[in-house]
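The values are calculated or read from the model by the stated rules, or taken from the named source; none is laboratory data. Note that the structure is a prediction, hence the values are computed from the model and not measured. Every residue, glycine among them, receives a Cβ derived from its backbone with ideal geometry; neighbour counts consider all protein chains shown.
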Amino acid sequence: MNWYVHFCTNCEKDLKLVDEEYKCCNRTYPYPDKRFKLYTLCSDDTGTIPIIWPNDEICHLTGKTVYDVEADDDEDADGTIFPVMLKFGVKKAFKFIISITRENVKEGSNVYTASEICGPLEISDTHSPNMNKVPMLSPNESSKTKGESPATSSSTNKTRPRLTEEFNDPKEIPPLKNVKIEKV
């Protein structure tokens, strides 16, 4: 199956099958714990990216654990097909918060891991890059500016020195005391 992984309860890493046994952290796991790990292609009007859905978010959205899905799958089919319960997100709009890792930045990986998934989005949500387009002004149209601000093409970005003002202190400086020195 491709929708879950075995993981080490000690270091939280995915377990590898070595000599027909799951080993990690100098331990052998005869019956390792399982967690969800779905790889999906998610798309919107701007493009398509592969996203890994983490265990916590899938449990939150479905209300089931890997063991619940396996138990339902054993009752329904022979275990060779993808569980129907995990197709809950097909053709639905979700909001993803993805984490960008070193692999994405330095190694050029295009696979992202979702750190939070909100959804499915309600009809009242209106953010869509195509819906909120601002009409562009053609070059022969002009816009009026308020006040005396010059148009961008005739303005400058030179730095101007600050005005220095000298403040006259209204207090008068008291005269210094005369100290008398005695001659001996």
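If I filter the range 41-51 down to residues being surrounded by fewer than 15 Cβ atoms within 10 Å (Cβ to Cβ) and not small (Gly, Ala, Ser), which single residue comes out as nearest to the chain's Cα centre (by Cα)?
Pro50
In the range 15-24, which residues are under 31 Å from the mean Cα position of the chain (by Cα) and touching a residue at least 12 places away in the same chain (Cβ under 8 Å)?
Within the range 15-24, Leu15, Cys24 qualify.
Take the residues of the range 78-109 that are exposed (fewer than 13 other Cβ atoms within 10 Å of the Cβ) and among the acidic types (Asp, Glu): which is modelled with the lowest pLDDT?
Among those that are exposed (fewer than 13 other Cβ atoms within 10 Å of the Cβ) and among the acidic types (Asp, Glu), it is Asp78.
Residues Tyr4, Tyr22, Tyr112: which one is surrounded by 14 or more Cβ atoms within 10 Å (Cβ to Cβ), touching a Lys or Arg at 6+ places or on another chain (Cβ under 6 Å) and among the hydroxyl-bearing types (Ser, Thr, Tyr)?
Exactly one of Tyr4, Tyr22, Tyr112 is surrounded by 14 or more Cβ atoms within 10 Å (Cβ to Cβ), touching a Lys or Arg at 6+ places or on another chain (Cβ under 6 Å) and among the hydroxyl-bearing types (Ser, Thr, Tyr), namely Tyr4.
Do you know which residues across the range 25-36 are modelled with pLDDT of 85 or more and either of a type in the set (A, V, I, L, M, F, W, C) or in a helix (DSSP H, G or I) (or both)?
Across the range 25-36, the qualifying residue is only Phe36.
Within the range 37-59, track down each residue that is without any contact (Cβ under 8 Å) to a residue 12 or more places away in the chain and outside any strand (DSSP E or B).
Asp56
Only one of (1) touching a helix residue (DSSP H, G or I) at 6+ places or on another chain (Cβ under 7 Å); (2) in a helix (DSSP H, G or I); (3) at pLDDT below 80 is not met by Glu75, so which one is it?
(1)
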